[in-house]
């Protein structure tokens, strides 16, 4: 958090292949291998019953694990650009957390974003569109705890009409959103047309 104020990104930018690449875009619901460095595992589980780190005391995320996708990636802090849009991570095998918002496991909507692909092939969230309700998402944190989330649903939105309210303000308690790019890749702009969003809640 920054001064206790959750700055809400309006959309994720730059989460696909760089402009000028000849690589074909990923399918909107993805299908390929995902990479990433192993995340640091925490020994103290965190669940929705508040049995570990209480709300408001959650630690910064350091690793993300999505077992159903084979994803284990380090988490880096992300900033917003001048237009309030979340800037994608620099690395293609890492994911980023909007550090202006809640920490994963704290009350509110925490946002973690990653690339779908790169010039050389699939990136960490290439298969994000394959996640289904009930799938676990584990966020390892700097204090050694792990916040376990459960996927509620997946949606795909046009970046031109991104529903901020639905994505960033829906649900109660500790929420998590995983975001990457989808839709059609525009070679001239170097961006995808859509965002894929996974909605999850603290288990």
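With the requirement that a residue be touching a strand residue (DSSP E or B) at 6+ places or on another chain (Cβ under 9 Å), surrounded by fewer than 19 Cβ atoms within 10 Å (Cβ to Cβ) and touching a residue at least 12 places away in the same chain (Cβ under 8 Å), what does the range 163-180 give you? If the condition is that a residue be touching a strand residue (DSSP E or B) at 6+ places or on another chain (Cβ under 9 Å), surrounded by fewer than 19 Cβ atoms within 10 Å (Cβ to Cβ) and touching a residue at least 12 places away in the same chain (Cβ under 8 Å), then 169, 170, 171, 173 are the ones that fit. Only one of the numbered conditions (1) in contact with a strand residue (DSSP E or B) (Cβ under 9 Å, 6 or more places away or on another chain); (2) closer than 19 Å to residue 201 by Cβ; (3) surrounded by fewer than 23 Cβ atoms within 10 Å (Cβ to Cβ) is violated by residue 137, and that is (3). Are any of the residues in the range 183-191 under 14 Å from the mean Cα position of the chain (by Cα) and not in a strand (DSSP E or B)? The answer is no; no qualifying residue exists.
Of the residues in the range 95-106, none is at pLDDT 95 or above and either more than 26 Å from residue 59 (Cβ to Cβ) or surrounded by fewer than 20 Cβ atoms within 10 Å (Cβ to Cβ) (or both).
Residues in the range 116-131 that are in contact with a strand residue (DSSP E or B) (Cβ under 7 Å, 6 or more places away or on another chain) and assigned to a loop (DSSP other than H, G, I, E, B) were compared, and the one that is farthest from residue 197 (Cα to Cα) is 123.
For residues in the range 184-199 being in contact (Cβ under 8 Å) with a residue 40 or more places away in the chain, farther than 17 Å from residue 86 by Cβ and in contact with a strand residue (DSSP E or B) (Cβ under 8 Å, 6 or more places away or on another chain), which is surrounded by the most Cβ atoms within 10 Å (Cβ to Cβ)? Step by step, filter the range 184-199, then rank; the result is 185.
Looking across the range 139-162, the residues that are within 14 Å of residue 59 (Cα to Cα) and assigned to a strand (DSSP E or B) come down to 139, 140, 141, 145, 146, 147, 148.
The values are calculated or read from the model by the stated rules, or taken from the named source; none is laboratory data. As the structure is a prediction and not an experimental result, all values here were calculated from the model. All Cβ positions, even for glycine, are placed from backbone atoms using ideal geometry, and neighbour counts span all protein chains on display.
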